[in-house]
Amino acid sequence: FSSKEHLVAEVFWRRLASAPVPPNDSADPVVRVVAVLRHIALLVADEPELAGAVTHALLGSDPEVKHLSLGIGREIHQRLVAALGATCTPDVVEALELMYAGALVRAGTGYASYAAIADRLETSARLLFA
């Protein structure tokens, strides 16, 4: 690894890639999206030191981390698109991605716990779809 940030980003990438979205056969796309957002937000919730390091790493400028960050973004994008199904539009996906990214920055900088952020993501997603 080229840096500590590269190592931390790789740990998060591997955890995300190996953690399939829990099955959700709800007919409601909001329920499916909330499940995706909650699942991703809680990937590192039990490890606050790692969570903070992931936030720091993904916000850095290391070129190796940028590569991983793009892969992480693509994976999250694909999961959101799949959860939205027929209701998927580029604007909705982008709004969800921005919401998710902002929420994880807040959690990673200690503004709130990851569990609280997961709850807030659910509330925000429901507001978006209201």
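The values are calculated or read from the model by the stated rules, or taken from the named source; none is laboratory data. Keep in mind that this is a model prediction, so the values were computed, not measured. As a convention, Cβ positions derive from the backbone with ideal geometry for all residues, glycine included, and neighbour counts pool all protein chains shown. Heads up: the accessible areas ignore ligands, DNA and RNA and are worked out on the full protein's heavy atoms, side chains in. Shrake-Rupley method; radii C 1.70, N 1.55, O 1.52, S 1.80 Å.
Restricting the first residue to region 20-39 and requiring it to be under 12 Å from Ala118 (Cα atoms), which pairs with a second residue that is hydroxyl-bearing (Ser, Thr, Tyr) and assigned to a helix (DSSP H, G or I) meet a Cβ separation below 8 Å and a spacing of at least six or different chains?
Leu37/Tyr100
State whether one or more residues within region 19-27 are in a helix (DSSP H, G or I) and either surrounded by 14 or more Cβ atoms within 10 Å (Cβ to Cβ) or among the hydrophobic types (A, V, I, L, M, F, W, C) (or both).
Taking region 19-27 first, the residues in a helix (DSSP H, G or I) are none.
No, because not a single residue in region 19-27 is in a helix (DSSP H, G or I) and either surrounded by 14 or more Cβ atoms within 10 Å (Cβ to Cβ) or among the hydrophobic types (A, V, I, L, M, F, W, C) (or both).
Looking at (1) aliphatic (A, V, I, L, M); (2) at pLDDT 95 or above; (3) farther than 18 Å from Leu127 by Cα, which one does Val93 not meet, given that it meets all the others?
Going through (1) aliphatic (A, V, I, L, M); (2) at pLDDT 95 or above; (3) farther than 18 Å from Leu127 by Cα one by one, Val93 breaks only (3).
So, in region 40-49, how many residues would count as being surrounded by 17 or more Cβ atoms within 10 Å (Cβ to Cβ), outside any loop (DSSP other than H, G, I, E, B) and either of a type outside the set (Val, Ile, Thr) or free of Cβ contacts under 8 Å to residues at least 60 places away in the same chain (or both)?
The number of residues fulfilling the criteria is 1.
Go through region 51-75 residue by residue and tally those that are open to solvent by 40 Å² or more (accessible area, probe 1.4 Å), over 30 Å from Ala86 (Cβ atoms) and either touching a strand residue (DSSP E or B) at 6+ places or on another chain (Cβ under 9 Å) or assigned to a helix (DSSP H, G or I) (or both).
Matching residues across region 51-75 total 6.
Can you name every residue in region 104-127 that is crowded, with 20+ Cβ neighbours inside 10 Å and closer than 18 Å to Leu70 by Cα?
Leu104
Somewhere in region 76-92, is a residue free of Cβ contacts under 8 Å to residues at least 24 places away in the same chain, touching a His at 6+ places or on another chain (Cβ under 7 Å) and either open to solvent by less than 50 Å² (accessible area, probe 1.4 Å) or not polar (S, T, N, Q) (or both)?
Checked region 76-92: no residue is free of Cβ contacts under 8 Å to residues at least 24 places away in the same chain, touching a His at 6+ places or on another chain (Cβ under 7 Å) and either open to solvent by less than 50 Å² (accessible area, probe 1.4 Å) or not polar (S, T, N, Q) (or both).
May I ask you to verify whether Ala101 is among the aliphatic types (A, V, I, L, M), at pLDDT below 95 and in a loop (DSSP other than H, G, I, E, B)?
Values: among the aliphatic types (A, V, I, L, M): yes; at pLDDT below 95: yes; in a loop (DSSP other than H, G, I, E, B): no.
No; evaluated as a whole, the condition is false for this residue.
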